[in-house]
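Quick note: the coordinates plus some simple rules give every number you see, no bench work behind them. Given the structure is predicted, the values throughout are model-derived calculations rather than measurements. No Cβ is skipped: glycine too gets one built from the backbone with ideal geometry, and neighbour counts run over all protein chains shown.
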Amino acid sequence: MNICSNETGGGRSQGDCTGSLSARRKALRQLVEQRQATLLPGAANALVARIIEELGFQAVYLTGAGLTNTHLGMPDLGLITPTEIAETAARITDVCALPLIADIDTGFGNALNAYRTVQMMERAGCAALQIEDQIFPKKCGHFSGKGVVPIEEMTGKLKACLDARSDPDLMIIARTDARAVLGFEAALDRAFAMAEAGADIIFVEAPQTPEEIRRIGQLPQPQLINIVMGGLTPMLTLDELRDAGFSLVLYANAALQASVLSVNRVLGHLRDHGSLHGAEDMLASFEERQRVVRKDHYDALQARYTGA
């Protein structure tokens with residue numbers, strides 16, 4: 001699905017591929033409603049989002065864990081702020097025409113905090129926002145020692161999120177981490193309560209068996225599943241997840257895990273050999289790097305406006 005057009009949204013420049021924010025949100029809603037297990041890679045910065053777009057994926061996910069790891073060099077323990085997430089989201093939507101789904105953790109406080117966070121993220125150009133029922137500050141969904149707020153508090157936050165959006169096509173994803181805290185049946189109960197509160201998509205984090213995954217996929221509301229390499233959730237195939245009924249299959253930090261490995265390998269080679277001779281196949285070329293960031297587009301703009 002190509003959502004590039006000649007429209008602009010929110011006064012924002014989209015480089016050489018423009019698309020209104022409204023069009024992106026509508027495109028994402030259509031993908032979700034198809035329930036075809038659309039792959040959703042995560043990005044912690046605009047460069048990775050550009051690569052995801054070039055590879056032909058249909059949406060991109062701004063990962064809170066990845067942003068915390070990448071920008072702060074810290075673990076996913078609720079240390080990132082809504083301002084940092086909104087700034088990163090705006091940078092991504094400036095250069096990437098894909099619909100952006102952003103992780104807003106717990107909404108960063110109570111229902112009023114969640115309300116303001118949604119307003120910030122909508123202005124940043126997001127197509128969907130994910131909020132979870134953990135106690136603030138949260139932890140990674142695959143860490144131990146989590147806690148969840150009462151379901152009444154979570155549904156209140158959800159209602160605040162729904163009220164805060166000005167574009168009804170901005171979708172709200174409701175995540176529950178109750179599987180690890182209260183058990184699987186309690187997580188399903190919360191999923192139903194969140195759907196009744198008006199959430200557009202339900203996300204039951206960290207199911208632990210294929211049977212649990214299949215039961216989640218049978219919920220009436222569209223579903224997202226998060227696959228974490230080394231995490232708690234079994235890695236079913238895409239066909240299996242499509243057959244189970246999922247709309248979105250999230251690989252939030254695959255790019256991050258790949259980059260950590262690659263950086264270690266390349267810089268380890270540099271340390272050991274004193275040069276990058278013999279490591280060429282581990283590096284993108286200089287030309288490829290400029291192509292990904294569309295240097296030719298900016299060269300053309302410079303020539304247009306300065307004649308240089």
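Values as computed for the structure displayed
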read-out: Proximal lysines relative to residue 138, as straight alpha-carbon distance under 19 Å, when same-chain residues fewer than 8 apart are discounted; value: 146, 157
read-out: nm² value of the averaged projected area, convex hull over the Cα atoms of the stretch 14-150; value: 8.5
read-out: Unit charges on C-beta of K, R, D, E only; dipole of the stretch 168-231, Debye; value: 120
read-out: Dmax and Rg, reported as Rg then Dmax, of the stretch 172-218 (C-alpha, Å); value: 9.8, 27
read-out: Net lengthening on full extension, residue 305/residue 123 (0.36 nm per residue, minus Cα-Cα); value: 62.6 nm
read-out: Efficiency of FRET from Cβ geometry, residue 295 and residue 266, R₀ 25 Å, rounded to 0.05; value: 0.65
read-out: Sorted by Cβ neighbour density within 10 Å, fewest at the top, the residues 93, 81; value: 81, 93
read-out: Relative pair counts by distance (%), Cα atoms of the stretch 26-102, 10 Å bins; value: 20, 49, 27, 5
read-out: Nearest 10 degrees, 0 to 90: helix 295-306 Cα axis against the chain principal axis; value: 60
read-out: Angle in degrees between helix 82-95 and the longest Cα principal axis of the chain, rounded to the nearest 10; value: 50
read-out: Pairs of alpha carbons in the chain whose separation is greater than 26 Å (percent); value: 46
read-out: Electrostatic dipole magnitude of the chain [Cβ: Lys, Arg +1; Asp, Glu -1; Cα centre; debye, to 20]; value: 400
read-out: Fewest-first ranking of 96, 140, 126, using other Cβ atoms within 10 Å as the exposure measure; value: 140, 96, 126
read-out: Folded to 0 to 90 degrees: helix 184-196 orientation relative to the chain principal axis, Cα; value: 80
read-out: Burial order of peptide ranges 185-197, 231-243 (average beta-carbon count within 10 Å, highest first); value: 185-197, 231-243
read-out: Protection-proxy order for peptides 64-73, 288-297, each taking the mean of Cβ atoms within 10 Å per residue, highest first; value: 64-73, 288-297
read-out: Protection proxy ranking, peptides 206-218, 23-35, average beta carbon neighbours within 10 Å, highest first; value: 23-35, 206-218
read-out: Radius ratio Rg over Rh of the stretch 138-227, counting only Cα atoms, Kirkwood formula for Rh; value: 0.96
read-out: Per residue convex hull volume, Cα atoms of the stretch 157-278, in Å³; value: 168
